[in-house]
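The values are calculated or read from the model by the stated rules, or taken from the named source; none is laboratory data. This one's a predicted model, so the numbers in the text were calculated from it and none came from an experiment. We place every Cβ from the backbone using ideal geometry, glycine too, and count neighbours over all the protein chains shown. Accessible surface areas use protein heavy atoms only, side chains included; no ligands, DNA or RNA. Shrake-Rupley method; radii C 1.70, N 1.55, O 1.52, S 1.80 Å.
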Amino acid sequence: MHERRFDPAMAGKLDAPERKTWLPVEAVLARLALQPDLAVADVGAGTGYFALPIAEVVGASGKVYAVDVEPQMLAKLQARVAESHTVNVHCVHGEASATNIPDSSCDLILMANVWHEFDSHPAVLGEAARILKPAGRIAILDWCADLDSPPGPPKAHRIAKRDVCDLLAASGWKVLYIADAGMFSYLVMASRPD
Ligand SMILES: C[S@@+](CC[C@H](N)C(=O)[O-])C[C@H]1O[C@@H](n2cnc3c(N)ncnc32)[C@H](O)[C@@H]1O
């Protein structure tokens, strides 16, 4: 595991009650324009902070692929899915650059608090384009690079929203909007290259 990868021993932090105050799930979901029936991939899903609420919104006719590379994180997520009797979350062991999700199967990909952990952003974007439907979108939520916010990764690991947008544009994605997400994070929404 490289030094930027989230340590599964810290998984409890992801579900700490105070997290809801500085990264409110409902406010983020409101930015995603979710609807019933959508197929959403939550890549780097962790313990399901976003995957489970998204599953409620997209409903039984929708679907959430919750992808994580760490077997320990995936086991925690699977336990929560079982406990909550959620039927539309599919836990997938995969790497962001090789997700094991079928071609052209997703309307939306969420990558929350994980962009700064990736080794190869172009490979991740290539995989995202593969699994998205033609009109699909990607939402990249990550830590503001210019803030010293105690709950997040060290400043040296953070990636500025400008750099995210520049790479998306250079790779043929269309940046639709940039928004604040909670107190310490940004959200970049982009549509898939043609
Ligand atoms: C900081 S946690 C965020 C979890 C969740 N998105 C949230 O915001 O609560 C990052 C998660 O991404 C996973 N992860 C890191 N690199 C990954 C990769 N290359 N492919 C898939 N998952 C990855 C980690 O195992 C961890 O569970």
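Against the test of being under 28 Å from P122 (Cβ atoms) and open to solvent by less than 50 Å² (accessible area, probe 1.4 Å), the options S104, S97 yield a single qualifying residue, S97. Of the residues contained in the range 147-170, one or more are found to be open to solvent by 30 Å² or more (accessible area, probe 1.4 Å), part of a loop (DSSP other than H, G, I, E, B) and modelled with pLDDT of 95 or more. Consider the range 171-193 and keep the residues that are without any contact (Cβ under 8 Å) to a residue 24 or more places away in the chain and of a type in the set (D, E, K, R). The one that is least open to solvent (accessible area, probe 1.4 Å) is D180. Return the residues of the range 171-194 that are within 18 Å of the chain's Cα centre (by Cα) and not in a strand (DSSP E or B); say none if nothing qualifies. W173, G182, M183, F184, R192, listed by residue number.
Please work out if A112 is open to solvent by less than 40 Å² (accessible area, probe 1.4 Å), closer than 23 Å to Y49 by Cα and without any contact (Cβ under 8 Å) to a residue 60 or more places away in the chain. No.
Scanning the range 85-94 for residues that are in contact (Cβ under 8 Å) with a residue 12 or more places away in the chain and either more than 15 Å from the chain's Cα centre (by Cα) or open to solvent by 60 Å² or more (accessible area, probe 1.4 Å) (or both) yields T86, V87, N88, H90, H93. If the condition is being within 9 Å of the ligand (Cβ to nearest atom), within 23 Å of P134 (Cβ to Cβ) and assigned to a strand (DSSP E or B), then the range 85-122 contributes A98, L110, M111.
Criterion first (more than 16 Å from the chain's Cα centre (by Cα), within 14 Å of the ligand (Cβ to nearest atom) and of a type outside the set (S, T, N, Q)) does A66 satisfy it? Criteria not met by A66. Each residue in the range 52-84 was checked for being in a helix (DSSP H, G or I), open to solvent by less than 50 Å² (accessible area, probe 1.4 Å) and in contact (Cβ under 8 Å) with a residue 40 or more places away in the chain, and 2 pass. Scanning for something open to solvent by less than 60 Å² (accessible area, probe 1.4 Å), assigned to a strand (DSSP E or B) and closer than 19 Å to I109 by Cβ, does the range 24-40 turn up at least one residue? The answer is yes; a qualifying residue exists.
In the range 4-50, how many residues are of a type in the set (D, E, K, R) and away from the ligand (no atom under 12 Å from the Cβ)? If you could, list the steps in order and put the result at the bottom.
From the range 4-50, those of a type in the set (D, E, K, R) are 4-5, 7, 13, 15, 18-20, 26, 31, 37, 42; that's our starting set.
With away from the ligand (no atom under 12 Å from the Cβ) added as a condition, the list becomes 18, 26, 31, 37.
Looking only at that region, the number is 4.
Any chance the range 133-145 includes a residue that's in a helix (DSSP H, G or I), modelled with pLDDT of 95 or more and closer than 28 Å to A9 by Cα? Lay out the reasoning, then the answer.
So in the range 133-145, the residues in a helix (DSSP H, G or I) come out as none.
The answer is no, given that none of the residues of the range 133-145 is in a helix (DSSP H, G or I), modelled with pLDDT of 95 or more and closer than 28 Å to A9 by Cα.
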